[in-house]
Amino acid sequence: MNVLEIRNLCKSYSGFYLDHLNLTLPSGCIMGLIGENGAGKSTTIKLILDLIKRDKGSITVLGKDNKTHFRLTKEDIGVVMDEVGISACLNARQVGRIMKYTYRNWDDAAYLGYLRTLSIPEKKPFKAFSRGMKMKLGIAIALSHHPKLLLLDEATAGLDPVVRDEILNIFSEFTRDESHAILISSHIVSDLEKICDYIAFLHKGKLLLCEEKDFLKEQYVIVHCTAEELRQIVPSAIRGIKENAYGAEAIVQKSKVPVGMSTVPVDIEQLFISMVKEDCLQ
């Protein structure tokens, strides 16, 4: 079953156009949404949540249209946006009592467990929280009503590396249940590379690609070569080039690399940057 299906989704603002976006997120999987500021990541998540109205296309969440059945499906969606919207005067204990009346499946024991795991102070007012602490509280809330889909917009932003690693482990554990899935956007591409099954590249409202992470890493490699060796590679197989006085570094389709030419693995961030530069030149 697909937890999320987006078909030909369009949204137009002044100076921005989300251009016929198509994404499919299977159950049991994590999809990372990568893109620069203004690429359309937050817009996509808001459209899924029906917080803004789409111009065209369809969004199906857990088998139901997100417009006509959103009140039913919101119980099954955990959300962490880049700004956690909680009243400044409330503390974590008070937030839990409020959420108990917001979600039918709210689990007090799970919530208190996440507060302890994430070292979130229970009686400190939200206004005194750091950005990282606010994000941790948002994650605790999102997980504590037993959702099937997590929508996370920059959910690891502002967290130190140790806490980010703890959070990523929680997300990985969440998708051990084959009925669960996560869509997560982040500027920290290394985080997405650790946990994601699928990677989607957004650039200026356009989907550059959406593929299995392992397939991407198998399909492309980095070649360090001389300018003369570079000319031996089919131009259409090259995704990006950096040249200097000593030679060239190119991201190339692995199957098109000439026999005998040495290669090293490519990481997702390098691939994304090269594809964005290539798109800008077209």
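Laboratory data are not the source of any read-out in this text; all were calculated from the coordinates shown. Worth saying up front: this structure is predicted, and the values here are computed from it rather than measured. Positions of Cβ are backbone-derived with ideal geometry, glycine not excepted, and every protein chain shown enters the neighbour counts.
Each Lys and Arg Cβ is given +1 and each Asp and Glu Cβ -1; about its Cα centre, the chain then shows a dipole of about 1180 debye. Counting only alpha carbon atoms, the long axis of helix 108-117 and the longest principal axis of the chain meet at about 50°. The amide H of Cys29, built 1.01 Å from its N in the peptide plane, has Ile182 as neighbours under 5 Å, considering only residues 5 or more places off or on other chains. What the phi angles of the stretch 149-155 give under the Karplus curve with 6.51, -1.76 and 1.60, with θ = phi - 60°, is a coupling list of 10, 9, 10, 10, 9, 6, 5 Hz, glycine and proline written as x. Our coupling estimate for the stretch 42-58, obtained by passing each phi through the Karplus curve with A = 6.51, B = -1.76, C = 1.60 and θ = phi - 60°, is 5, 4, 4, 5, 5, 5, 4, 7, 6, 7, 10, 8, 6, 8, 7, x, 9 Hz, Gly and Pro reported as x. The calculated FRET efficiency for the pair Gln94 and Gln219, based on their C-beta separation and a Förster distance of 41 Å, comes to about 0.25.
Too long at a 25 Å Cα-Cα cut-off: which of Lys41/Lys277; Lys41/Lys127; Lys53/Lys194; Lys41/Lys74; Lys41/Lys100; Lys46/Lys123? Pairs exceeding the cut-off: Lys41/Lys127; Lys53/Lys194; Lys41/Lys100; Lys46/Lys123. Think of the chain as a dipole: +1 on every Lys or Arg Cβ, -1 on every Asp or Glu Cβ, centred on the Cα centre; then among Ser236, Tyr114, Ser179, Tyr114 lies furthest on the positive end.
The 3J(HN,Hα) values that the Karplus relation (6.51, -1.76, 1.60; θ = phi - 60°) gives for the stretch 198-212 are, in residue order, 10, 10, 10, 9, 10, 9, 6, x, 10, 7, 7, 6, 8, 9, 5 Hz. Gly and Pro appear as x.
Note on the chain: dipole from Cβ charges, positive end direction compared against Leu25, Leu168, Thr73; the farthest Cα belongs to Thr73. Using only Cα atoms, find the angle between the long axis of helix 161-174 and the longest principal axis of the chain, and express it within 0 to 90 degrees, rounded to the nearest 10. Taking the Cα atoms of the chain, the angle to 161-174 is about 80 degrees. Computed extension length for Gln232-Glu36: 67.3 nm, one decimal, from 0.36 nm per residue of separation with the Cα-Cα distance subtracted. Ordering Gly96, Tyr13, Val264 by Cα displacement along the dipole of the chain toward the positive end leaves Gly96 in first place; charges were set at the Cβ atoms of Lys, Arg (+1) and Asp, Glu (-1). Take the Cβ atoms of Ala110 and Leu209, set R0 to 41 Å, and the FRET efficiency comes out at 0.70. Residues whose amide H lies under 5 Å from that of Lys124, counting only those 5 or more places away or on a different chain, are Ala92; hydrogens are built 1.01 Å from N in the peptide plane.
Within the set of other residues whose C-beta is less than 10 Å from the C-beta of Gly57, count the net charge using Lys and Arg as +1 and Asp and Glu as -1. Local charge sum for Gly57: +3. Each Cα pair under 8 Å and six or more residues apart adds its separation to the average, and for the chain the resulting relative contact order is 21 percent.
Between helix 268-281 and the chain, what is the angle of the helix's C-alpha long axis to the longest principal axis, kept within 0 to 90° and rounded to the nearest 10? Once rounded, the angle reads 70 degrees.
In this simple spin-label approximation, Ala157 and Ser255 carry label points 7 Å from Cα along the Cα→Cβ vector, and these lie 3.8 nm apart.
Between Lys124 and Tyr13, the simple spin-label model (points 7 angstrom out along Cα→Cβ) gives 3.2 nm.
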